Each structure stands twice: as C-alpha cells, then as structure tokens.
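Read-outs throughout are calculated quantities, based only on the coordinates presented, and are distinct from any laboratory measurement. Since the model is a prediction, treat every value here as computed from it, not as a measurement. As a convention, Cβ positions derive from the backbone with ideal geometry for all residues, glycine included, and neighbour counts pool all protein chains shown.
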Amino acid sequence: MLDTVTVMAADGIRRRVPTVLTLPWVAWAVLRATGSERGFPLVPAMSFTPYAPATSVLPLAVGVRSGSRAATLMAAGAGAALLGAVLPRRPATVPVPHGPRVRIATVSLRRGLVRPGPVLDLVRRLDVDVLSVQELTPRAERDLRAAGIGDLLPWAHVIPARPGSAPAASGAIWARMPAVAAGAVPGTFEQPTAVIAVPGAQPIELTAVHTAPPATSPRSVRAWTGDLAALPAPQSALLRVLAGDFNATLDHAALRAVLRRGWTDAAQRAGRGPSWTWRPLRLPWPRLTIDHVLVHPRISVASVRVERVAGSDHRALVVDLVLPPR
C-alpha cells in the first residue's frame with residue numbers, strides 16, 4: 001500500500017513539473033505586459049526581455065514532450081506575449097519635411113578611458129553638430145581639448161563631477177553652433193543642459209542624459225528610478241531633446257512612462273529601435289539598447305545610425321533631426 005501511495009505521489013509531481021517550469025516565463029510576460037516590475041532584481045532583469053522569447057521554447061518543448069496540455073498552452077502564450085513585446089514595430093511612413101537640420105551624437109567614454117582619436121574621428125567623419133558626452137573625467141576632457149575638439153565643436157558646456165562622486169560622473173555638451181549654458185537636470189550624475197542656436201531654426205534645448213545604472217542593488221534601482229522621473233517633459237515652447245545613456249530599455253516601465261509624457265524615441269521613429277547600443281567590452285553578449293535620443297514631438301527624425309567608438313562599451317547613437325523653421 002505504501003509503495004502504491006509513493007508511486008502515485010511521484011507521478012503527481014512528475015505531471016506538475018512541466019507546469020512549474022513554465023511559471024518563470026509566464027511571470028516575465030505578465031510583468032512586461034503590465035509594467036509592474038519593481039525593485040531589484042526585477043528591474044535589471046527586464047533589460048534581457050528581448051532574449052526571453054527565444055528561451056521560451058524550452059518550457060514549450062518540455063510541455064509538448066510530457067503531454068501536458070496546460071504547460072504547453074502556458075508556454076506558448078507566454079512566448080507569444082514576449083515576442084509581441086519585443087518585435088520591432090514598423091513605424092508609419094511619414095515624409096521627412098524640408099527644413100533646418102542638426103546632427104546629434106551621443107558618446108560614452110567608459111569611465112574616461114576612451115582615447116580622443118575615435119571621438120574626434122566620429123565628429124569629423126560624420127560632420128556632427130552637437131556631441132553629448134557621458135562618463136567624462138578631468139583627464140579625458142584635457143585630452144579631448146588638447147586633441148582639438150574645440151576646433152571642430154567650438155562651444156562647450158562641461159559640468160565636473162561634484163565632490164564625493166566618481167570622476168567619470170562628469171557630463172558635457174560640445175556644439176558647432178553658438179549655444180548658451182542652461183544649467184543641468186538633477187540626477188546621480190552630471191547632466192548638462194544647453195540652448196543651441198541652429199541656423200534658420202528655432203533653438204533647441206539639449207540635455208546630455210546619464211542616469212544611474214540599476215544593476216547592482218535596491219539602492220541603485222531607486223537612484224535610477226529617481227533619475228528617470230526627474231527628466232523634463234517636452235511640453236514647452238522651447239524644443240527639447242534628451243540624448244545620452246538612460247541605462248534603460250523600452251522594456252522598462254519607467255522609461256515607457258517618460259515617453260508617455262510626450263517624447264518621441266528617435267530610433268523607434270526611424271525604425272531602428274532594436275539596434276543595440278551597449279555590450280560588455282570583452283564579450284559578444286548580451287547586447288542591450290540603453291542609449292536613446294528623445295525628441296520634442298514637433299521635431300522630425302530624418303535618420304538614425306549607430307557607430308562603434310573604439311575603447312567604449314557603448315556604440316554612438318547618431319541622429320539627424322529636422323527642426324521647425326524660425
């Protein structure tokens with residue numbers, strides 16, 4: 001009798017295993033669909049959502065092989081929901097209007113270790129008008145100036161790291177055209193803001209964004225959440241642009257909340273949303289899209305490209321914008 005009970009119990013456990021194995025993917029799909037991820041480690045885990053649909057074939061295969069209808073349906077539903085969340089959406093075809101243009105690039109200097117040569121080469125080769133720089137250090141700034149960045153982009157607004165912060169907490173904007181320093185957006189790192197006079201166009205207010213990475217602890221997630229919440233809204237008579245390292249993907253509810261204020265993600269608008277911008281320097285994977293250029297809805301996006309910068313773990317995001325004429 002005892003042997004029979006033991007066999008029945010083992011059989012029941014065996015039947016439940018496929019369903020239990022499916023639950024992490026179901027939970028992931030629910031979190032992504034509802035935007036209810038909160039805290040550590042759920043927030044950093046959401047960065048890897050683009051990889052979830054591919055891995056969802058594992059519980060699906062287990063469900064099919066075991067003959068568990070419930071597990072099969074759950075795995076298939078979770079996989080479909082995750083795939084729908086990450087598939088690139090073809091933007092509506094909108095003719096790019098004629099008008100004044102400005103080319104903006106955002107570059108992360110990897111704690112100031114990127115040499116000036118690749119940065120100046122990017123500016124010179126692509127004829128960049130405005131450069132948003134993150135992870136600048138005093139030494140990196142000196143090297144860039146000595147290498148001649150001022151000859152290419154004569155105007156600069158650099159905010160050194162505040163006392164007690166890491167040296168790479170500094171941020172900067174370099175511009176080809178006249179500009180006026182307009183302070184900064186508060187945050188964990190320095191995020192300078194400048195009003196830039198584009199010939200023939202209305203001025204733009206650009207902020208070099210660099211939020212805290214939410215990768216290591218509950219405290220880091222709280223800092224990241226606060227940094228994103230502090231970003232300004234685009235509803236202003238002044239045309240605003242946010243460009244830099246948001247340390248967030250579009251799978252994060254906190255970044256989608258920023259977009260709902262009225263911002264347009266330039267890469268999404270140009271159909272380049274899935275283009276990755278960060279990976280570990282010595283590893284091919286993972287590849288995440290954490291750098292963005294967000295633009296005022298009255299600004300049109302002509303093109304978006306990503307460019308390798310030697311020595312950086314980020315790829316540069318280079319965006320051509322068409323501005324309303326003055």
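Coupling constants for region 287-296 follow from the phi torsions by the Karplus curve (6.51 cos²θ - 1.76 cosθ + 1.60, θ = phi - 60°), and in residue order they are 10, 10, 9, 10, 9, 9, 10, 9, 10, 4 Hz; glycine and proline get x.
Once R0 is set to 22 Å, what does the formula 1/(1 + (r/R0)^6) return for the Cβ-Cβ distance between Arg145 and Leu238, expressed as a FRET efficiency to the nearest 0.05? Don't skip to the end; give the middle numbers.
Values: r = 29 Å, r/R0 = 1.31.
It comes to 0.15.
Cα-based radius of gyration for region 204-260, normalised by 2.2 N^0.38 Å, reads 1.16. Summary of the geometry: region 259-308 and region 181-221, compared by the centres of their Cα atoms, lie 16 Å apart. Take each uninterrupted DSSP H stretch in the chain, measure its Cα extent along the helix axis, and return the ones at 20 Å or beyond whose mean Kyte-Doolittle hydropathy is at least -0.5. For the chain, where a helix must reach 20 Å along its axis and average at least -0.5, the hits are 2-34, 69-86. Would you work out if region 136-200 is rounded, prolate or oblate? Take a ≥ b ≥ c from the square roots of the eigenvalues of the alpha-carbon gyration tensor; rounded if a/c is under 1.5, else prolate when a/b is larger than b/c, oblate otherwise. Verdict is oblate for region 136-200.
Please say if region 107-240 is rounded, prolate or oblate, where rounded means a/c under 1.5 for a ≥ b ≥ c the square roots of the C-alpha gyration tensor eigenvalues, and otherwise the choice is prolate for a/b larger than b/c and oblate otherwise? Taking the square roots of the gyration eigenvalues as a ≥ b ≥ c, region 107-240 is oblate. Of Ala197, Ala146, Ala161, the residue with the greatest mean-square motion in the GNM of the chain, using alpha carbon springs below 10 Å, is Ala146. Computed over region 101-322, relative contact order equals 20 percent, with contacts defined as Cα pairs under 8 Å that lie 6+ residues apart. Computed from the alpha carbon atoms alone, the convex hull of the chain holds 149 Å³ per residue. Between the beta carbons of Asp121 and Ser217, assuming R0 = 41 Å, the FRET efficiency works out to 0.65 to the nearest 0.05.
Approximating the spin labels as points 7 Å out from Cα along Cα→Cβ, the Ala54-to-Leu42 distance works out to 2.6 nm. For region 202-326, the equivalent ellipsoid derived from the alpha-carbon gyration tensor has semi-axes of 24, 19, 11 Å in decreasing order. Trp276 sits among other residues whose Cβ lies under 14 Å from its own Cβ, and their net charge, with Lys and Arg +1 and Asp and Glu -1, is +1.
Looking at region 240-303, the trypsin sites (Lys or Arg not before Pro) that sit in a DSSP loop and have at most 13 other Cβ atoms within 10 Å of their own Cβ are Arg260, Arg261, Arg282, Arg298. Modelled label positions at Ala27 and Arg111, each set 7 Å beyond Cα in the direction of Cβ, lie 3.3 nm from each other.
Before rounding to the nearest 500, sum -39500 (n - 2.57) across all DSSP H runs of length at least 4 in the chain and divide by the residue total; then give [θ] at 222 nm in deg cm²/dmol.
Working: 11 runs with 118 residues, N = 326.
About -11000 deg cm²/dmol.
Using 1/(1 + (r/R0)^6) with R0 = 51 angstrom and r between the beta carbons of Trp285 and Arg326, what's the FRET efficiency to the nearest 0.05? Walk me through the intermediate numbers first.
On the way: r = 46 Å, r/R0 = 0.91.
Once rounded, the FRET efficiency stands at 0.65.
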